[in-house]
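Take a look at the structure below.
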Amino acid sequence: MLVRPRAPLPEPEELGHQPLRERRHLTRREFAARYGASRKDLAAIADFAIEHGLRVRQASSGRRSVVLAGPARRMESAFSTRLSHYRSPHGDYRGRSGHLHVPATVAPAVEAVLGLDDRPQAAPACRAVPHAHAEEARKTSFTPSRVAELYDFPNHLDGSGQRIAVIELGGGFRRSQLRRYFEQLGKPMPKLTAVAVDGVRNRPGIRHSADGEVVLDVEVIGAIVPGAEQLVYFAPTSDRGFVDAVTTALFDPRGPSVMSISWGQAEAEWTEQGRHALDQAFRTAAALGVTVCAAAGDNGWTDGLTGRVAHVDYPASSPHVLACGGTRLEELDGGIAERVWNDHDGNSTGGGVSSCYELPSWQKTARVPASVNAGGGVGRGVPDVAGNADPHTGWLVGDGVTDHPFGGTSAVAPLWAALVAQLNQHLGARAGFINPLLYEHLDRSVFNDVPRGGNGAYRARRGAWDACTGHGTPRGRALLEALSG
């Protein structure tokens with residue numbers, strides 16, 4: 001259960017316009033004291049649990065969460081709902097029917113009830129080249145180190161002193177294979193710590209595993225900022241698992257300063273309370289000085305849903321995260337040429353206009369178009385930035401013996417997370433929420449413009465933000481210097 005804060009959470013926009021060197025972020029203890037759940041609310045929920053024969057397994061003021069445990073029949077009675085088991089192509093899950101209800105004595109304190117329904121809520125945003133075409137794609141793909149060079153990332157910043165939270169909703173990694181991969185790259189093995197959330201652990205190689213996603217994330221980050229420690233949080237794919245992974249990372253005593261999320265699902269597939277709970281976590285991240293980078297999706301303007309209706313991917317569409325779209329990257333005479341990633345076979349960068357979030361104040365100068373949907377208005381535009389995502393000009397990752405070309409916007413989220421880690425190292429402080437600075441305080445010289453292509457319904461715009469690649473791809477050193485000034 002998500003419990004209300006004792007005071008309204010701070011607006012990230014208020015901090016987002018301040019120069020990075022002048023920002024004062026809260027510590028976890030300060031945040032809990034100012035905005036955590038009150039003892040009175042936690043006690044009321046504990047009484048509610050006892051009344052219905054449930055037990056409080058865990059309660060956290062800072063995370064504003066209470067975990068209740070008990071038999072399904074008592075959960076049904078406590079929340080006036082019905083639970084059933086369902087079968088889907090994505091696996092069996094427990095679902096609920098009907099609305100959730102709590103007594104009036106508790107209702108004001110409760111903002112969301114998650115976990116009764118444990119259906120898969122997100123999928124990884126990565127793409128692998130089919131094995132039949134892998135050899136050809138290797139000729140036009142890049143190591144993560146080379147992509148960083150092409151985007152002019154500063155090579156003297158290795159992320160030392162930084163911790164990056166990597167959110168994974170399945171899969172796992174094998175240290176021996178990672179060690180071999182980094183040795184082949186000529187890079188030191190980064191420090192990696194697997195963190196179990198809600199009973200899910202680092203489990204590579206199991207059926208329907210998301211190992212490719214996990215390996216892509218940690219190898220992109222590790223190759224670019226090998227000095228940064230990666231804290232990899234493994235959690236269930238449900239909305240509760242997603243929220244718990246993010247909040248566990250935010251209140252981890254080790255204190256990550258950047259978060260990379262390569263998982264998501266169309267806004268329309270989320271419940272309002274699920275999005276609300278995750279959005280509250282992202283607002284918390286901004287207050288704590290944690291920059292959240294999220295993949296914009298790999299299924300074009302429909303985000304993989306049937307019908308001729310536009311959708312954007314969540315959590316990338318949250319106005320409190322840095323949404324990362326995708327390009328096709330080619331190297332030409334030492335320079336680069338890019339266009340919107342779209343292979344015209346269903347694989348394309350996500351992007352568009354949110355139907356759930358209004359246009360943020362800092363995005364009003366970007367000329368975000370109205371949604372292409374009938375009656376659609378102007379909402380939060382996605383993405384903010386972009387990077388290499390086409391698997392045919394993709395990222396060579398793997399076990400150090402047979403590396404495979406991967407792509408997808410889930411390679412772009414860790415790319416930007418690595419760049420922010422370099423920024424934090426350069427500043428000697430946390431950058432935190434940077435979206436307003438990117439839109440209102442920087443000129444376009446710090447980005448590579450992506451003027452060609454589209455994702456199906458939205459087209460690239462020369463010299464301007466667009467709903468395919470945002471501002472464009474980074475010119476690393478120029479961007480860091482501009483943000484630091």
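Here's a check for you: in segment 102-118, which residue that is in a loop (DSSP other than H, G, I, E, B) and charged (D, E, K, R) is surrounded by the fewest Cβ atoms within 10 Å (Cβ to Cβ)?
The first filter runs over segment 102-118 and keeps only residues in a loop (DSSP other than H, G, I, E, B), leaving 102-106, 113-118.
Those left that are additionally charged (D, E, K, R): 117-118.
Working: 117: 21, 118: 19.
Filtering segment 102-118 for residues that are in a loop (DSSP other than H, G, I, E, B) and charged (D, E, K, R), the one surrounded by the fewest Cβ atoms within 10 Å (Cβ to Cβ) comes out as 118.
Which pairs have Cβ atoms under 9 Å, sit 6 or more apart or on different chains, and link a residue in segment 389-408 that is without any contact (Cβ under 8 Å) to a residue 60 or more places away in the chain and on the phi > 0 side of the Ramachandran plot to one that is hydrophobic (A, V, I, L, M, F, W, C) and surrounded by 24 or more Cβ atoms within 10 Å (Cβ to Cβ)? Nothing qualifies. Considering segment 7-47 alone, what residues qualify as being among the polar types (S, T, N, Q) and closer than 19 Å to residue 102 by Cβ? The answer is 38, and nothing else.
Residue count for segment 297-326, restricted to those that are farther than 13 Å from residue 354 by Cβ and in contact with a helix residue (DSSP H, G or I) (Cβ under 8 Å, 6 or more places away or on another chain): 8.
Among the residues of segment 119-141, those that are of a type outside the set (Val, Ile, Thr) and surrounded by fewer than 20 Cβ atoms within 10 Å (Cβ to Cβ) comprise 119, 120, 128, 130, 131, 132, 133, 134, 135, 136, 138, 139. Checking each residue in segment 76-92 for being of a type in the set (Gly, Ala, Ser) and part of a helix (DSSP H, G or I) picks out 77, 78.
Where helices (runs of 4 or more DSSP H) fall wholly inside segment 404-485, the ranges with 3 or more residues that are under 22 Å from residue 351 (Cα atoms) are 412-427, 435-440.
This table checks each residue for (1) of a type in the set (A, V, I, L, M, F, W, C); (2) touching an Asp or Glu at 6+ places or on another chain (Cβ under 9 Å); (3) not in a loop (DSSP other than H, G, I, E, B).
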residue	(1), (2), (3)
121	no, yes, no
134	yes, no, yes
140	no, yes, no
146	no, yes, yes
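Does any residue of segment 53-69 turn out to be among the charged types (D, E, K, R), closer than 17 Å to residue 274 by Cβ and under 24 Å from the mean Cα position of the chain (by Cα)? So far as segment 53-69 goes, yes, one or more of its residues are among the charged types (D, E, K, R), closer than 17 Å to residue 274 by Cβ and under 24 Å from the mean Cα position of the chain (by Cα).
Do the conditions hold for residue 88, that is, is it farther than 30 Å from residue 424 by Cα, surrounded by 11 or more Cβ atoms within 10 Å (Cβ to Cβ) and at pLDDT below 95? Answer is no for this residue.
Could you list, in sequence order, all residues of segment 12-42 that are part of a loop (DSSP other than H, G, I, E, B), touching a Lys or Arg at 6+ places or on another chain (Cβ under 9 Å) and touching a residue at least 24 places away in the same chain (Cβ under 8 Å)? Break it down into steps so the answer makes sense when it comes.
Within segment 12-42, the first condition is being part of a loop (DSSP other than H, G, I, E, B), and the residues that meet it are 17-19, 23-27, 36-38.
Of the ones still in play, those that are also touching a Lys or Arg at 6+ places or on another chain (Cβ under 9 Å) are 18, 23, 25-26, 36-38.
Those that are part of a loop (DSSP other than H, G, I, E, B), touching a Lys or Arg at 6+ places or on another chain (Cβ under 9 Å) and touching a residue at least 24 places away in the same chain (Cβ under 8 Å): 23, 25, 26, 36, 37, 38.
Scanning segment 331-364 for residues that are touching a residue at least 12 places away in the same chain (Cβ under 8 Å) and among the charged types (D, E, K, R), we see that the one that is surrounded by the most Cβ atoms within 10 Å (Cβ to Cβ) is 338. Residue 357 satisfies every condition listed in (1) in contact with a strand residue (DSSP E or B) (Cβ under 9 Å, 6 or more places away or on another chain); (2) part of a loop (DSSP other than H, G, I, E, B) except (2). Looking only at segment 367-402, which residues are of a type in the set (A, V, I, L, M, F, W, C) and within 20 Å of residue 310 (Cα to Cα)? 368, 370, 372, 374, 378, 382, 385, 386 - these are the residues of segment 367-402 that are of a type in the set (A, V, I, L, M, F, W, C) and within 20 Å of residue 310 (Cα to Cα). Across segment 461-478, the qualifying residues are those that are surrounded by fewer than 23 Cβ atoms within 10 Å (Cβ to Cβ) and among the hydrophobic types (A, V, I, L, M, F, W, C), and the one among them that is nearest to residue 20 (Cα to Cα) is 478.
Quick one: is residue 446 in the same structural domain as residue 361 (by TED's automatic domain parsing), buried (at least 19 other Cβ atoms within 10 Å of the Cβ), under 18 Å from residue 474 (Cβ atoms) and modelled with pLDDT of 95 or more?
yes
For segment 94-135, the set of residues classified as without any contact (Cβ under 8 Å) to a residue 24 or more places away in the chain and of a type in the set (D, E, K, R) consists of 96, 135, listed by residue number.
Checking every residue in segment 155-175 against the condition of being without any contact (Cβ under 8 Å) to a residue 40 or more places away in the chain, more than 17 Å from residue 261 (Cβ to Cβ), in a helix (DSSP H, G or I) and not hydrophobic (A, V, I, L, M, F, W, C) gives at least one match.
The values are calculated or read from the model by the stated rules, or taken from the named source; none is laboratory data. No experiment lies behind these values; they were computed from the predicted model shown. Methodologically, a virtual Cβ is constructed for each residue, glycine included, from the backbone with ideal geometry; neighbour enumeration extends over all protein chains shown.
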